[in-house]
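The values are calculated or read from the model by the stated rules, or taken from the named source; none is laboratory data. As the structure is a prediction and not an experimental result, all values here were calculated from the model. Glycine gets a Cβ as well: all are built from the backbone with ideal geometry, and neighbour counts include every protein chain shown. The accessibility values were calculated without ligands, DNA or RNA, using every heavy atom of the protein model including side chains. Shrake-Rupley method; radii C 1.70, N 1.55, O 1.52, S 1.80 Å.
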Amino acid sequence: CTPENRVVAHVVAASNNVGSNNYQSAKVLEKKLMQSYKWLKKYKKVSSLSQEDENDNDEYATMDLQTRLECPDWAWPGLNEAFPTQQELELQLTSLLQPPPLDLRVNTLKCTTRDEMLQSLQSSGFPHAKSTPWSPLGIRLDRRVPLETIPGLLQGKLEPQDEGSQLVASLLNARPGETVADYCAGTGGKTLAIAAQMQNRGRLYSLDVDADRLERGRGRCAKAGVDNVQRQVVQADMTRKDKWCKRRNRTFDRVLVDAPCSGVGSWRRKPDARRTWGGGGGGGRPGTKEDKGTERLKELLPLQQHILRRAARLVKPGGRLVYVTCSLLPAENEHQVHEFLKSEEGEASGWRLDVPSPVEFAVPFEAGDGKFLRLTPARHGTDGFFAAVLRRERGGMD
(Lines give C-alpha, C1' and ligand atoms only; values in the text may rest on other atoms or scores of the structure.)
Protein backbone atom coordinates (compact mmCIF):
# COMPACT_ATOMS: atom_id res chain seq x y z
CA CYS A 1 0.00 0.00 0.00
CA THR A 2 1.59 3.25 -1.13
CA PRO A 3 1.16 6.43 0.91
CA GLU A 4 -1.04 7.84 -1.84
CA ASN A 5 -3.33 4.76 -1.87
CA ARG A 6 -3.65 4.86 1.89
CA VAL A 7 -4.83 8.49 1.85
CA VAL A 8 -7.31 7.77 -0.95
CA ALA A 9 -8.68 4.77 0.96
CA HIS A 10 -9.26 6.93 4.05
CA VAL A 11 -11.07 9.60 2.08
CA VAL A 12 -13.26 7.05 0.27
CA ALA A 13 -14.12 5.32 3.54
CA ALA A 14 -15.05 8.63 5.12
CA SER A 15 -17.15 9.61 2.09
CA ASN A 16 -19.11 6.37 2.27
CA ASN A 17 -20.16 7.34 5.78
CA VAL A 18 -21.80 10.57 4.60
CA GLY A 19 -25.44 10.68 5.69
CA SER A 20 -28.08 13.23 6.52
CA ASN A 21 -25.98 14.69 9.35
CA ASN A 22 -23.51 16.82 7.40
CA TYR A 23 -21.78 18.07 10.55
CA GLN A 24 -21.15 14.53 11.80
CA SER A 25 -19.95 13.46 8.35
CA ALA A 26 -17.53 16.36 8.23
CA LYS A 27 -16.16 15.38 11.64
CA VAL A 28 -15.60 11.79 10.46
CA LEU A 29 -13.79 13.03 7.36
CA GLU A 30 -11.68 15.39 9.44
CA LYS A 31 -10.72 12.56 11.80
CA LYS A 32 -9.74 10.25 8.94
CA LEU A 33 -7.68 12.96 7.25
CA MET A 34 -5.87 13.73 10.50
CA GLN A 35 -5.03 10.05 10.89
CA SER A 36 -3.67 10.04 7.36
CA TYR A 37 -1.70 13.21 8.01
CA LYS A 38 -0.05 11.79 11.12
CA TRP A 39 0.78 8.56 9.32
CA LEU A 40 2.21 10.43 6.33
CA LYS A 41 4.41 12.56 8.58
CA LYS A 42 5.79 9.42 10.19
CA TYR A 43 6.17 7.72 6.81
CA LYS A 44 7.97 10.70 5.31
CA LYS A 45 10.32 10.92 8.27
CA VAL A 46 11.21 7.21 8.16
CA SER A 47 11.42 7.18 4.38
CA SER A 48 13.66 10.21 4.19
CA LEU A 49 15.94 8.84 6.88
CA SER A 50 16.31 5.55 5.09
CA GLN A 51 16.64 6.91 1.55
CA GLU A 52 17.15 10.62 0.87
CA ASP A 53 19.01 11.57 4.04
CA GLU A 54 21.69 9.02 3.32
CA ASN A 55 22.59 10.87 0.14
CA ASP A 56 22.18 14.26 1.84
CA ASN A 57 24.50 13.25 4.66
CA ASP A 58 27.15 12.15 2.17
CA GLU A 59 26.89 15.49 0.38
CA TYR A 60 26.96 17.42 3.67
CA ALA A 61 30.08 15.58 4.79
CA THR A 62 31.97 16.70 1.68
CA MET A 63 31.11 20.40 2.15
CA ASP A 64 33.75 22.75 3.49
CA LEU A 65 33.02 24.34 6.88
CA GLN A 66 32.14 27.76 5.48
CA THR A 67 29.53 26.29 3.13
CA ARG A 68 28.01 24.11 5.86
CA LEU A 69 27.65 27.13 8.12
CA GLU A 70 26.14 29.22 5.28
CA CYS A 71 28.60 32.04 5.79
CA PRO A 72 29.24 34.51 2.93
CA ASP A 73 32.82 35.26 1.97
CA TRP A 74 32.75 38.87 3.14
CA ALA A 75 32.01 37.84 6.74
CA TRP A 76 34.18 34.70 6.97
CA PRO A 77 37.54 36.33 7.88
CA GLY A 78 36.01 38.52 10.58
CA LEU A 79 34.10 35.67 12.18
CA ASN A 80 37.26 33.56 12.24
CA GLU A 81 38.96 36.43 14.04
CA ALA A 82 36.13 36.73 16.57
CA PHE A 83 35.95 32.97 17.17
CA PRO A 84 39.48 31.63 16.56
CA THR A 85 38.91 27.91 17.24
CA GLN A 86 36.93 25.74 14.83
CA GLN A 87 34.82 24.38 17.67
CA GLU A 88 33.76 27.83 18.83
CA LEU A 89 33.27 29.11 15.28
CA GLU A 90 31.04 26.17 14.40
CA LEU A 91 29.05 26.54 17.62
CA GLN A 92 28.46 30.27 17.11
CA LEU A 93 27.54 30.13 13.43
CA THR A 94 25.30 27.10 13.90
CA SER A 95 23.35 29.07 16.51
CA LEU A 96 22.82 31.83 13.92
CA LEU A 97 21.02 29.28 11.75
CA GLN A 98 18.36 28.61 14.40
CA PRO A 99 15.07 30.57 14.49
CA PRO A 100 14.83 33.11 17.33
CA PRO A 101 12.20 33.15 20.08
CA LEU A 102 9.91 36.13 20.58
CA ASP A 103 11.21 38.41 23.33
CA LEU A 104 9.21 41.19 24.94
CA ARG A 105 10.26 44.07 27.19
CA VAL A 106 8.02 45.11 30.06
CA ASN A 107 7.33 48.85 29.87
CA THR A 108 7.79 50.08 33.44
CA LEU A 109 6.01 53.33 32.57
CA LYS A 110 2.77 51.36 32.34
CA CYS A 111 3.40 48.22 34.34
CA THR A 112 4.84 47.87 37.83
CA THR A 113 6.69 44.55 37.62
CA ARG A 114 7.64 41.83 35.18
CA ASP A 115 5.92 39.22 37.36
CA GLU A 116 2.64 41.07 36.90
CA MET A 117 2.84 40.81 33.09
CA LEU A 118 4.18 37.26 33.21
CA GLN A 119 1.19 36.09 35.23
CA SER A 120 -1.15 37.91 32.86
CA LEU A 121 0.38 36.15 29.83
CA GLN A 122 0.42 32.73 31.45
CA SER A 123 -3.26 32.99 32.31
CA SER A 124 -4.21 34.27 28.84
CA GLY A 125 -3.13 31.48 26.54
CA PHE A 126 0.66 31.69 26.90
CA PRO A 127 1.42 29.15 29.66
CA HIS A 128 5.03 28.71 28.54
CA ALA A 129 5.92 32.42 28.79
CA LYS A 130 8.98 32.83 30.98
CA SER A 131 11.45 35.41 32.23
CA THR A 132 14.51 36.04 30.08
CA PRO A 133 17.70 34.84 31.78
CA TRP A 134 19.64 38.12 31.63
CA SER A 135 17.37 41.13 31.20
CA PRO A 136 15.34 41.93 34.34
CA LEU A 137 12.54 43.33 32.15
CA GLY A 138 12.41 40.60 29.50
CA ILE A 139 9.75 37.96 28.82
CA ARG A 140 10.29 35.15 26.32
CA LEU A 141 7.66 33.27 24.33
CA ASP A 142 8.67 29.88 22.97
CA ARG A 143 7.10 30.59 19.59
CA ARG A 144 6.38 33.55 17.36
CA VAL A 145 2.74 34.64 17.30
CA PRO A 146 0.81 37.56 15.79
CA LEU A 147 1.70 40.52 17.95
CA GLU A 148 -1.90 41.69 18.25
CA THR A 149 -2.76 38.46 20.09
CA ILE A 150 -0.37 39.22 22.97
CA PRO A 151 -2.21 40.69 25.99
CA GLY A 152 -0.91 44.14 26.92
CA LEU A 153 1.09 44.74 23.76
CA LEU A 154 -1.40 46.98 21.97
CA GLN A 155 -1.83 48.92 25.22
CA GLY A 156 1.90 49.67 25.41
CA LYS A 157 2.59 47.53 28.47
CA LEU A 158 4.85 45.27 26.42
CA GLU A 159 7.23 46.06 23.57
CA PRO A 160 8.72 43.46 21.17
CA GLN A 161 12.49 43.67 21.73
CA ASP A 162 15.18 41.00 21.65
CA GLU A 163 16.79 40.44 25.02
CA GLY A 164 20.16 41.49 23.59
CA SER A 165 18.75 44.83 22.49
CA GLN A 166 17.28 45.32 25.95
CA LEU A 167 20.65 44.63 27.53
CA VAL A 168 22.75 47.00 25.43
CA ALA A 169 20.20 49.79 25.97
CA SER A 170 20.38 49.22 29.73
CA LEU A 171 24.15 49.77 29.62
CA LEU A 172 23.47 53.47 29.20
CA ASN A 173 21.98 53.48 32.71
CA ALA A 174 20.15 56.75 32.00
CA ARG A 175 18.69 58.52 35.03
CA PRO A 176 15.71 60.82 35.57
CA GLY A 177 16.47 64.47 34.86
CA GLU A 178 19.50 63.86 32.64
CA THR A 179 20.09 64.97 29.05
CA VAL A 180 20.43 61.86 26.89
CA ALA A 181 20.72 61.05 23.18
CA ASP A 182 19.94 57.94 21.17
CA TYR A 183 22.15 58.45 18.11
CA CYS A 184 21.05 56.48 15.00
CA ALA A 185 17.75 55.89 16.75
CA GLY A 186 15.75 54.65 13.75
CA THR A 187 12.13 54.06 14.74
CA GLY A 188 13.05 54.22 18.41
CA GLY A 189 13.10 50.73 19.92
CA LYS A 190 16.00 51.57 22.23
CA THR A 191 14.68 55.11 22.71
CA LEU A 192 11.60 53.63 24.41
CA ALA A 193 13.78 51.55 26.73
CA ILE A 194 15.89 54.61 27.64
CA ALA A 195 12.77 56.71 28.31
CA ALA A 196 11.60 54.06 30.77
CA GLN A 197 15.03 54.17 32.49
CA MET A 198 14.57 57.93 32.86
CA GLN A 199 11.01 57.49 34.18
CA ASN A 200 9.87 60.01 31.55
CA ARG A 201 11.85 62.77 33.27
CA GLY A 202 14.66 64.72 31.64
CA ARG A 203 15.42 65.41 27.98
CA LEU A 204 15.80 62.51 25.58
CA TYR A 205 16.78 63.21 21.97
CA SER A 206 16.10 60.68 19.22
CA LEU A 207 18.63 61.40 16.45
CA ASP A 208 18.78 59.91 12.96
CA VAL A 209 19.58 60.88 9.36
CA ASP A 210 16.16 59.66 8.19
CA ALA A 211 13.17 61.87 9.05
CA ASP A 212 10.68 59.19 8.03
CA ARG A 213 12.16 56.66 10.45
CA LEU A 214 12.03 59.18 13.26
CA GLU A 215 8.41 60.01 12.47
CA ARG A 216 7.43 56.35 12.63
CA GLY A 217 8.72 56.34 16.18
CA ARG A 218 6.22 58.99 17.23
CA GLY A 219 3.33 56.54 17.36
CA ARG A 220 5.40 54.03 19.32
CA CYS A 221 6.18 56.67 21.92
CA ALA A 222 2.53 57.62 22.26
CA LYS A 223 1.48 54.00 22.76
CA ALA A 224 4.21 53.46 25.37
CA GLY A 225 3.26 56.61 27.29
CA VAL A 226 6.62 58.28 26.53
CA ASP A 227 6.47 62.08 26.44
CA ASN A 228 10.04 63.30 27.03
CA VAL A 229 11.42 62.54 23.53
CA GLN A 230 12.47 65.17 21.01
CA ARG A 231 13.30 64.10 17.44
CA GLN A 232 16.09 65.61 15.39
CA VAL A 233 17.39 64.83 11.91
CA VAL A 234 21.20 64.94 11.80
CA GLN A 235 23.58 65.42 8.90
CA ALA A 236 24.24 62.25 6.88
CA ASP A 237 27.13 63.66 4.81
CA MET A 238 30.45 62.89 6.53
CA THR A 239 32.15 65.78 4.74
CA ARG A 240 29.81 68.39 6.25
CA LYS A 241 29.44 69.60 9.82
CA ASP A 242 26.17 69.25 11.65
CA LYS A 243 25.16 72.63 13.08
CA TRP A 244 22.63 71.17 15.52
CA CYS A 245 25.21 68.80 17.00
CA LYS A 246 27.96 71.42 17.06
CA ARG A 247 25.84 73.78 19.16
CA ARG A 248 25.28 70.99 21.69
CA ASN A 249 28.80 69.63 22.04
CA ARG A 250 29.70 68.64 25.60
CA THR A 251 26.12 69.05 26.89
CA PHE A 252 24.86 65.46 27.13
CA ASP A 253 25.14 63.24 30.18
CA ARG A 254 24.82 60.03 28.18
CA VAL A 255 24.78 59.04 24.51
CA LEU A 256 23.92 55.69 22.96
CA VAL A 257 25.42 55.12 19.49
CA ASP A 258 23.53 52.35 17.69
CA ALA A 259 25.81 52.38 14.66
CA PRO A 260 24.74 51.13 11.23
CA CYS A 261 26.45 47.80 10.61
CA SER A 262 26.50 44.60 8.58
CA GLY A 263 23.89 42.98 10.83
CA VAL A 264 25.75 39.68 11.18
CA GLY A 265 24.37 39.25 14.70
CA SER A 266 20.79 39.32 13.41
CA TRP A 267 21.20 36.56 10.81
CA ARG A 268 18.90 34.17 12.68
CA ARG A 269 16.18 36.84 12.46
CA LYS A 270 17.01 37.88 8.87
CA PRO A 271 18.55 34.82 7.19
CA ASP A 272 18.37 36.34 3.70
CA ALA A 273 20.75 39.11 4.80
CA ARG A 274 23.64 36.65 4.41
CA ARG A 275 23.16 37.04 0.67
CA THR A 276 21.31 40.31 0.16
CA TRP A 277 23.68 42.45 2.25
CA GLY A 278 26.55 41.29 0.07
CA GLY A 279 24.70 42.08 -3.14
CA GLY A 280 22.98 38.77 -3.87
CA GLY A 281 24.11 35.26 -4.68
CA GLY A 282 26.22 33.60 -2.02
CA GLY A 283 28.06 36.75 -1.11
CA GLY A 284 30.57 36.38 -3.93
CA ARG A 285 34.07 34.95 -3.92
CA PRO A 286 36.97 37.32 -3.17
CA GLY A 287 38.44 38.81 -6.30
CA THR A 288 35.28 38.48 -8.36
CA LYS A 289 32.90 41.16 -9.50
CA GLU A 290 30.25 39.64 -7.20
CA ASP A 291 32.29 40.23 -4.05
CA LYS A 292 30.19 43.26 -3.13
CA GLY A 293 29.95 42.43 0.56
CA THR A 294 33.66 43.06 1.12
CA GLU A 295 33.41 46.33 -0.78
CA ARG A 296 30.35 47.41 1.16
CA LEU A 297 32.01 46.58 4.48
CA LYS A 298 35.04 48.70 3.57
CA GLU A 299 32.75 51.63 2.79
CA LEU A 300 30.85 51.17 6.05
CA LEU A 301 33.85 51.27 8.40
CA PRO A 302 34.74 54.98 7.88
CA LEU A 303 31.07 55.88 8.40
CA GLN A 304 30.98 54.05 11.73
CA GLN A 305 34.12 55.86 12.89
CA HIS A 306 32.69 59.21 11.83
CA ILE A 307 29.44 58.57 13.69
CA LEU A 308 31.30 57.48 16.81
CA ARG A 309 33.42 60.65 16.85
CA ARG A 310 30.52 62.97 16.14
CA ALA A 311 28.41 61.40 18.88
CA ALA A 312 31.33 61.47 21.33
CA ARG A 313 31.61 65.24 20.99
CA LEU A 314 28.11 65.57 22.43
CA VAL A 315 29.14 64.02 25.76
CA LYS A 316 30.11 66.31 28.63
CA PRO A 317 33.17 65.61 30.83
CA GLY A 318 32.26 62.79 33.21
CA GLY A 319 29.58 61.54 30.83
CA ARG A 320 29.07 58.09 29.35
CA LEU A 321 28.96 56.86 25.76
CA VAL A 322 27.84 53.37 24.73
CA TYR A 323 28.86 52.20 21.26
CA VAL A 324 26.66 49.36 19.95
CA THR A 325 26.35 47.26 16.81
CA CYS A 326 24.39 44.12 15.98
CA SER A 327 27.49 42.73 14.29
CA LEU A 328 30.02 40.15 15.46
CA LEU A 329 32.84 41.32 13.18
CA PRO A 330 35.78 42.85 15.11
CA ALA A 331 36.41 45.40 12.32
CA GLU A 332 33.05 47.00 13.13
CA ASN A 333 33.41 46.62 16.88
CA GLU A 334 36.56 46.59 19.03
CA HIS A 335 38.72 47.83 16.16
CA GLN A 336 36.51 50.92 15.84
CA VAL A 337 36.70 51.62 19.56
CA HIS A 338 40.48 51.21 19.69
CA GLU A 339 40.89 53.48 16.66
CA PHE A 340 38.81 56.16 18.36
CA LEU A 341 40.66 55.89 21.69
CA LYS A 342 44.04 56.19 19.94
CA SER A 343 42.98 59.17 17.82
CA GLU A 344 44.03 62.70 18.68
CA GLU A 345 40.44 63.49 19.56
CA GLY A 346 40.07 60.47 21.82
CA GLU A 347 43.28 61.14 23.71
CA ALA A 348 42.70 64.90 24.06
CA SER A 349 39.31 64.33 25.67
CA GLY A 350 40.60 61.64 27.99
CA TRP A 351 38.23 58.97 26.76
CA ARG A 352 38.65 55.59 28.41
CA LEU A 353 36.85 52.27 28.59
CA ASP A 354 34.51 52.06 31.57
CA VAL A 355 33.46 48.44 32.15
CA PRO A 356 30.43 48.37 34.49
CA SER A 357 30.63 46.44 37.74
CA PRO A 358 28.71 43.15 38.17
CA VAL A 359 26.34 45.02 40.48
CA GLU A 360 25.44 47.48 37.72
CA PHE A 361 25.34 44.95 34.88
CA ALA A 362 25.00 41.20 35.38
CA VAL A 363 26.32 39.92 32.03
CA PRO A 364 30.13 39.46 32.05
CA PHE A 365 32.23 41.48 29.62
CA GLU A 366 34.26 38.67 28.03
CA ALA A 367 35.44 39.99 24.64
CA GLY A 368 38.77 41.77 24.26
CA ASP A 369 40.23 40.52 27.56
CA GLY A 370 37.14 41.59 29.46
CA LYS A 371 36.89 45.09 27.99
CA PHE A 372 33.86 44.61 25.74
CA LEU A 373 30.46 42.95 25.75
CA ARG A 374 29.74 40.41 23.04
CA LEU A 375 26.32 38.76 23.09
CA THR A 376 25.63 35.70 20.92
CA PRO A 377 22.79 33.22 20.43
CA ALA A 378 25.06 30.34 21.45
CA ARG A 379 26.36 31.95 24.64
CA HIS A 380 23.41 34.09 25.78
CA GLY A 381 20.37 33.06 23.73
CA THR A 382 20.10 36.58 22.27
CA ASP A 383 20.77 38.08 18.87
CA GLY A 384 24.42 38.91 18.31
CA PHE A 385 25.44 42.29 19.74
CA PHE A 386 28.62 44.17 20.58
CA ALA A 387 28.85 46.98 23.11
CA ALA A 388 31.61 49.17 24.52
CA VAL A 389 31.11 51.57 27.42
CA LEU A 390 33.31 54.71 27.40
CA ARG A 391 33.71 57.63 29.78
CA ARG A 392 34.92 61.13 28.94
CA GLU A 393 37.31 62.49 31.56
CA ARG A 394 37.86 66.05 30.30
CA GLY A 395 36.81 68.64 27.74
CA GLY A 396 39.44 68.22 25.03
CA MET A 397 38.66 68.88 21.37
CA ASP A 398 35.29 69.73 19.79
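Can you find a residue in segment 320-330 that is touching a strand residue (DSSP E or B) at 6+ places or on another chain (Cβ under 8 Å), more than 19 Å from G186 (Cβ to Cβ) and either of a type outside the set (D, E, K, R) or modelled with pLDDT of 95 or more (or both)? I'd like the intermediate steps shown before the answer.
Initial filter on segment 320-330 (touching a strand residue (DSSP E or B) at 6+ places or on another chain (Cβ under 8 Å)): 320-328.
Then keep just the ones that are more than 19 Å from G186 (Cβ to Cβ); that gives 320, 328.
Restricting the remaining residues to those that are either of a type outside the set (D, E, K, R) or modelled with pLDDT of 95 or more (or both) gives 320, 328.
Yes, that holds for at least one residue.
Can you find, within segment 277-291, the residue that is surrounded by the fewest Cβ atoms within 10 Å (Cβ to Cβ) among those that are in contact with a helix residue (DSSP H, G or I) (Cβ under 7 Å, 6 or more places away or on another chain) and modelled with pLDDT under 90? Before you say what the answer is, go through the steps one by one.
First, the residues of segment 277-291 that are in contact with a helix residue (DSSP H, G or I) (Cβ under 7 Å, 6 or more places away or on another chain): 277-279, 281-284, 286.
Narrowing the set further to residues that are modelled with pLDDT under 90 leaves 278-279, 281-284, 286.
Working: G278: 24, G279: 18, G281: 15, G282: 16, G283: 25, G284: 21, P286: 13.
Looking at the filtered set, the residue picked out is P286.
Return the residue satisfying two criteria in turn: it lies in segment 363-398 and is at pLDDT below 95 and touching a strand residue (DSSP E or B) at 6+ places or on another chain (Cβ under 6 Å), and of such residues it is most open to solvent (accessible area, probe 1.4 Å).
Per the stated criteria, the residue is R394.
Taking into account only those residues within segment 103-122 that are part of a loop (DSSP other than H, G, I, E, B) and at pLDDT below 95, which is least open to solvent (accessible area, probe 1.4 Å)? Give the steps one after another, and end with the answer.
Initially, segment 103-122 is screened for residues part of a loop (DSSP other than H, G, I, E, B), giving 107-113.
Now narrow it down to the ones that are at pLDDT below 95: 111-113.
Details: C111: 4, T112: 115, T113: 62 Å².
Going through the qualifying residues, I end up with C111.
Under the condition of being of a type outside the set (S, T, N, Q), farther than 23 Å from N200 by Cα and in a helix (DSSP H, G or I), which residue from segment 123-164 is most open to solvent (accessible area, probe 1.4 Å)? Steps first, answer last, please.
Taking segment 123-164 first, the residues of a type outside the set (S, T, N, Q) are 125-130, 133-134, 136-148, 150-154, 156-160, 162-164.
Add one more test, that the residue is farther than 23 Å from N200 by Cα, and what stays is 125-130, 133-134, 140-148, 150-151.
The next check asks that each one be in a helix (DSSP H, G or I); those that pass are 147-148.
On the way: L147: 70, E148: 123 Å².
Checking each candidate, the answer is E148.
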